[in-house]
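Everything below concerns the one structure shown next.
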Amino acid sequence: MIMVHELPFAFTEYELFTLLMKTASPHYVRISHATAKADCWTSYEVEKKRLNGLLKIVDRISITTDMWKSGQKIQYIVLTAHFVDSDWNLKKRVLNFVDMPPLHSGVFAYDVLYKFLQDWDIEGKVCSIFMENASYNDATIRMLKYSLSFHKMLYLNENLFHVSCCAHILNLLVHDGLFEIEDVIDNVRESVKHIRTSTVHLTMFSDNVTYAMLSCVLEFKDVFSQYAQCDASYKYLPSDKDWVRVEEVRSFLTLFNEVTNIISSKQFKYIYIKELLMEKSLSEELWMKQMTDKM
């Protein structure tokens with residue numbers, strides 16, 4: 001429970017939890033936070049040993065890295081291994097999850113990643129690595145290639161060693177396109193912020209992702225007009241023309257959202273992004289043509 005729900009180790013010492021457990025079982029003895037921590041650590045070591053055994057019988061491993069920021073603004077790097085087991089099943093396992101300083105260089109990222117690979121004794125099995133398109137990653141990849149080539153010749157003359165993160169590329173693509181209509185998007189976003197901070201709370205507007213936000217606000221299109229009549233301080237009401245654009249953009253981003261979900265899952269499916277961009281670039285609407293040309 002503690003690990004799954006990310007609870008503090010002291011959770012086992014809370015009075016209400018102890019009362020609950022004693023009600024369920026009169027023979028329950030309270031567990032200290034030190035014992036809870038030790039038990040969690042033991043579970044981790046057992047699983048790590050099991051994973052180590054699994055990785056030893058694997059010949060090739062693909063690695064993905066991901067930068068993640070917590071609610072406390074702490075930046076983490078996640079290292080995930082992808083491989084095919086002896087039964088030809090695709091497997092994915094998180095190897096490391098550690099904090100990273102916000103201003104780090106390619107050399108620092110290399111040192112961290114290579115140490116991870118050494119700790120798991122898989123530096124001679126890495127066949128490819130997926131990383132975001134950050135500029136400092138160029139130095140990281142160059143140094144990794146140099147170091148790993150000492151263990152084993154990289155496949156296909158290193159041509160497939162570095163694979164850019166598709167989800168990150170799509171994110172950059174959409175960001176560039178939305179920049180062309182940022183005034184409309186900003187109006188919708190400020191409308192959501194205004195309503196969330198007012199005395200009338202619409203909890204449906206909690207998602208800050210652009211696609212999800214646009215999908216959500218379209219369901220409440222008429223509510224915004226009524227709200228503007230009730231609150232004189234609300235100055236961000238989108239015009240009828242803006243709402244038409246919001247509907248068009250939401251429809252346009254549906255495919256990108258689907259692709260991102262597929263990339264993040266185990267599904268495999270051909271999605272034709274280029275065809276969609278070509279189609280929209282011929283749109284009679286100038287703003288849509290400008291947006292897709294930017295992308």
Task: Hits in the range 117-138 (condition: open to solvent by 20 Å² or more (accessible area, probe 1.4 Å) and among the hydrophobic types (A, V, I, L, M, F, W, C)) - done: CYS127, PHE130, ALA134
TODO: Take the range 1-51 and flag every residue that is part of a loop (DSSP other than H, G, I, E, B), open to solvent by less than 100 Å² (accessible area, probe 1.4 Å) and either without any contact (Cβ under 8 Å) to a residue 12 or more places away in the chain or not hydroxyl-bearing (Ser, Thr, Tyr) (or both).
DONE: ILE2, LEU7, PRO8, SER25, TYR28, ILE31
- [ ] Collect the residues in the range 53-101 that are open to solvent by less than 90 Å² (accessible area, probe 1.4 Å) and either in contact with a Gly (Cβ under 9 Å, 6 or more places away or on another chain) or outside any strand (DSSP E or B) (or both), keeping them in residue-number order.
- [x] GLY53, LEU54, LEU55, VAL58, SER70, GLY71, ILE74, ASP85, ASN89, MET100, PRO101
- [ ] Report whether or not PHE108 is open to solvent by 30 Å² or more (accessible area, probe 1.4 Å), farther than 23 Å from GLU47 by Cβ and over 21 Å from the mean Cα position of the chain (by Cα).
- [x] yes
Task: Selection status of ILE271, within 30 Å of VAL84 (Cα to Cα), modelled with pLDDT under 75, assigned to a helix (DSSP H, G or I) and outside the structural domain of LYS91 (by the TED database) - done: no
- [ ] Report yes if some residue within the range 75-83 is within 30 Å of TYR14 (Cα to Cα) and modelled with pLDDT under 95; otherwise report no.
- [x] yes
Task: Qualifying residue in the range 113-134 (condition: basic (Lys, Arg) and over 21 Å from the mean Cα position of the chain (by Cα)) - done: yes
Open item on the list: So LEU113 ticks every box in (1) at pLDDT below 90; (2) outside any strand (DSSP E or B) but one. Which box is left unticked?
Closed with: (1)
Task: Residues (free of Cβ contacts under 8 Å to residues at least 12 places away in the same chain, of a type in the set (Phe, Trp, Tyr) and in a helix (DSSP H, G or I)) located in the range 138-188 - done: TYR146
- [ ] Working only within the range 91-109, note down all residues that are modelled with pLDDT of 90 or more and farther than 14 Å from TRP68 by Cβ.
- [x] LYS91, LYS92, ARG93, LEU95
TODO: Would you be able to tell me the number of residues in the range 139-164 that are open to solvent by 50 Å² or more (accessible area, probe 1.4 Å) and either of a type in the set (Phe, Trp, Tyr) or at pLDDT 85 or above (or both)?
DONE: 6
Open item on the list: I'd like to know if the range 222-242 contains one or more residues that are at pLDDT below 75, touching a Phe, Trp or Tyr at 6+ places or on another chain (Cβ under 7 Å) and in a helix (DSSP H, G or I).
Closed with: yes
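The values are calculated or read from the model by the stated rules, or taken from the named source; none is laboratory data. The structure presented is a predicted model; accordingly, all values stated were derived computationally and were not measured. In this analysis, Cβ positions are derived from the backbone assuming ideal geometry, glycine residues included, and neighbour counts consider all displayed protein chains. The accessibility values were calculated without ligands, DNA or RNA, using every heavy atom of the protein model including side chains. Shrake-Rupley method; radii C 1.70, N 1.55, O 1.52, S 1.80 Å.
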